[in-house]
Amino acid sequence: MIQALGASQGIAIGKAFVLPHWEWELPDQKIDVADLAKEFDRLYEGIRRSKTEINQMRTELDEVVGSEEASIFDAHLAILEDPVFMYEIQGIIQRQYKVAEVAVKEAIDHFVTMFDLLDDEYMKERALDIKDVGNRLLKHLLGAPDISLPEDTQPFVLVVRELSPSQLVHLKPDLVLGIVTMVGSPTSHSAIMARAFGIPMVMGLEGKLEQIIGTGDLLIIDGGTGVLQVDPSSETVARYTDLRRRQISQREQLLSIAELPAVTKDGVSLTLAANISSLKELEAALSNGAQGVGLFRTEFLYMDRNQFPSEQEQFEVYRAVVEKIKGETLIIRTLDIGGDKQLDYYELPEEENPFLGFRAIRFSLDRKDLFKTQLRAILRASHFGDVQIMYPLIASVDEVREANTVLAEAERELTEEGIPHQANIKVGIMIEVPAAVAIADMLAEEVSFFSIGTNDLIQFTLAVDRMNEQISHLYEPYHPAILRMLRTVANAAHKNGIPVNICGEIAGDVNALPIWLGLGIEELSLSAQAILPVKESMLRTKASESRQLLEEMFRCKTAAEVRALASQFHMEAAMALGNIKPLI
C-alpha cells in the first residue's frame, strides 16, 4: 500500500495505462537574419491554431460539466495573450536567432523553473498551465500528433506524471476508471475537473513509489483516503470491490432520505444548506436535499480568467443560483482572495504570511470600486429571492461598519437608477479569527447573523497550517480551546437574537453533530457529499442527549477525550435503530 493525496472521491479497480510524458528535446537550431519574419509568422500561426483548439475544448467541456469548470481554459487563453510570456519568446527569436519552437521551449522552461522554485502551491499549479499551453504551441510548430489514449472499450486507470486540463478534457469518463498522478495538489485545475467528472483520483506520489507502474499493471485507488495499491492480492481486490459496492449502496440508500426534513428524534430542526462555488455544485447539493446555500464562494467567479468579472456577469450567476433554490436562502460571501487564492490578472503583493495578510475583506475595503461592483450585483439578484451578504475575515467592528458604508452607497445608486433590489438586505460575517471570537458580543450588535468558518478559525487559534505535513497532525477540530470558542460565539449570537451557522470541514463530520445540537446552532453549511450522511445521523439523534454530551465534552482536557465521547455517541445512536435503518 502506498499513501498518496486523495483528490477526487471514489474507488477504482483496473489495469493501468501509463501516458507518455508530453515533452520534446529540441536541437538548438539557428536562423539567418533574413528568416526572422518567417519565424514570427510561424509563431503567430501556431498561436492562432492553439487558441482555436483551446476555444473548441472549452466549448466541448462546457456542454459536459458546465461553464465554471470550462472557464479553466480562459486562463490558458490568457497565457497566449500574456505580453511577458510572448515577449520572452519573441526576444529569443529576435536576439538569439533561434527557431520558433526552440524559443517557445526555452521560454516554457524559464517560467516553469521560476514558478517551481517558489514556495507557493498556487504558482506551482500555474507552472503546469504554462507547460500545457507551451506544449500545445510546440505541437503545432512541430506538426506533432496528439498523444492518444487507448481506442478499445476496455476501461483503465490512467497513470501520468502530471495531468493537464487539456489532456483531461479529452478523456471519456466511461472508459477512465480512475487517475493517478505523480505531482499536483487537490486544488489544481485537473483535480477540480476530475471531481466534476466524478472520476476517482490520487496524486502527490513523486518520490514515494518503490516501483515503476507499467501499462497493464493492476491498480486499486481510493480517492477518499489517497491509498494506492499496485498489483494487489486477490484478497485485497475482493475487499476493495466489496467496499466499492458498499459505498455505492450507501449512496443509494442515503438518497432515499433526501426529501425528508432534517429533524432529530425529539423534534429539533437544523437547516442543512450547501457550500458551493458553481452552479454544478449547486445541482449536486439540491439532489441531496440541500436547503438553500449557506456559503457561495464567489472568488471562483474571479479566478481562471483574464479580467475582473463585470457587474452584469456576477448578477446573472447570482440570479441563476437564487432562482434554482426556489425560495430558500442564498448567502453570498463577498470576494475572498489572497492566501492560496490568487488571480492570474491581478498581482497581489508578495507577503511573508499571505494567510495573515492582504486578503478577503481587507482587499475589498482597499479596492472599494471592485467591492461596490460585487455588492451592486448581489443587491440586484436579491430582487429575485432571499439573498443575504456575508463579509469574510472580519476582525473588528470598524471593518463591518466600513463595509456597510460601501453597501449603503451601492443601494443608494441602484435606487437613483431605478434598478429593483431588496431593501435592508441582511448582512452577516464570518467568524474565523480569534479577535472576532473575543468581541463576538460587540459584533453581534452590528450584524444579522454569524457564520463560523471553522477551517481558518482552527488554524489561527492553534497556530497550525494544516497543509504542512510536519505539523498537520496538530490541526485538531476537537481541541478543548475550539469548543470553548464555539460556545462563546454561539452564546453571544443567541443573547442578541441572531442565528449562527457553521461552515468548514468539521460541519460535515457526523461525530460533531451533538456539538451543533448542544450549542443550539441553527444551520450547517456543507459540501454536497456531506449533506445526506449528516441528515441520516440527525434522524436517529436526540438533541436533549446531545446537550448532555456537550456538557461532558466541556469537562474534557484533551482532544482525544472529546473525540472518544463523540465517536461513542455516534456509534450508539447508529445501533439504536432510529427513524431509518443504519447504514453499512
Which ranges mark the helices (runs of 4 or more DSSP H) fully within the range 384-451 that have 3 or more residues being more than 19 Å from G504 (Cβ to Cβ)? 397-417
Can you give me the number of residues within the range 421-435 that are farther than 30 Å from L486 by Cα and exposed (fewer than 13 other Cβ atoms within 10 Å of the Cβ)? 1
Being more than 23 Å from I389 (Cα to Cα) and modelled with pLDDT under 80 is the filter here; which residues of the range 330-346 pass it? D344, Y345
When only residues in the range 429-477 that are at pLDDT below 95, in contact with a Lys or Arg (Cβ under 9 Å, 6 or more places away or on another chain) and of a type in the set (S, T, Y) count, which is farthest from L526 (Cα to Cα)? S472
Any hit, the range 262-274, residues being within 21 Å of the chain's Cα centre (by Cα) and closer than 28 Å to D344 by Cα: yes
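Considering only the range 95-105, state which residues are within 13 Å of K30 (Cβ to Cβ) and in a helix (DSSP H, G or I). If you could, list the steps in order and put the result at the bottom.
Just the residues of the range 95-105 that are within 13 Å of K30 (Cβ to Cβ), to begin with: 95-103.
Residues satisfying the conditions are R95, Q96, A100, E101, V102, A103.
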Taking the range 384-403, which residues are within 26 Å of F460 (Cα to Cα) and within 28 Å of the chain's Cα centre (by Cα)? I389, M390, Y391, P392, L393, I394, A395, S396, E399, V400, A403
Name the residues in the range 25-60 that are part of a loop (DSSP other than H, G, I, E, B), surrounded by 12 or more Cβ atoms within 10 Å (Cβ to Cβ) and at pLDDT below 75, would you? L26
Mind checking whether some residue in the range 176-194 is assigned to a loop (DSSP other than H, G, I, E, B), at pLDDT 85 or above and not hydrophobic (A, V, I, L, M, F, W, C)? no
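Looking at L243, L218, which is the one that is under 31 Å from the mean Cα position of the chain (by Cα), modelled with pLDDT under 95 and within 17 Å of P155 (Cβ to Cβ)? Working first, answer last.
On the way: L243 fails: within 17 Å of P155 (Cβ to Cβ).
Of L243, L218, the one residue that is under 31 Å from the mean Cα position of the chain (by Cα), modelled with pLDDT under 95 and within 17 Å of P155 (Cβ to Cβ) is L218.
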Of (1) crowded, with 20+ Cβ neighbours inside 10 Å; (2) acidic (D, E); (3) in contact with a Gly (Cβ under 7 Å, 6 or more places away or on another chain), E351 fails just (1)
Here is a list of conditions, (1) surrounded by fewer than 19 Cβ atoms within 10 Å (Cβ to Cβ); (2) touching a Leu at 6+ places or on another chain (Cβ under 6 Å), and A410 meets all of them except one; can you say which number that is? (1)
Taking the options L474, L483, L524, name whichever one is in contact with a Phe, Trp or Tyr (Cβ under 9 Å, 6 or more places away or on another chain) and outside the structural domain of A436 (by TED's automatic domain parsing). L483
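I need the full set of residues from the range 356-374 which are in a loop (DSSP other than H, G, I, E, B), free of Cβ contacts under 8 Å to residues at least 24 places away in the same chain and not hydrophobic (A, V, I, L, M, F, W, C), in order please.
G357, R367
Evaluate the following for V387: is it surrounded by fewer than 23 Cβ atoms within 10 Å (Cβ to Cβ), among the β-branched types (V, I, T) and assigned by TED's automatic domain parsing to the domain that holds E445?
Numbers: surrounded by fewer than 23 Cβ atoms within 10 Å (Cβ to Cβ): no; among the β-branched types (V, I, T): yes; assigned by TED's automatic domain parsing to the domain that holds E445: yes.
The answer is no for V387.
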Scan A559, A528, A564, A576 and give me the residue that is modelled with pLDDT under 85 and either over 29 Å from V293 (Cα atoms) or of a type in the set (S, T, Y) (or both). A576
Could you please let me know if I429 is under 30 Å from T461 (Cβ atoms) and in the same structural domain as F371 (by TED's automatic domain parsing)? yes
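The values are calculated or read from the model by the stated rules, or taken from the named source; none is laboratory data. These figures come from a predicted structure and were not determined experimentally. Note that each Cβ is placed from the backbone with ideal geometry, even for glycine, and that neighbours are counted across all protein chains shown.
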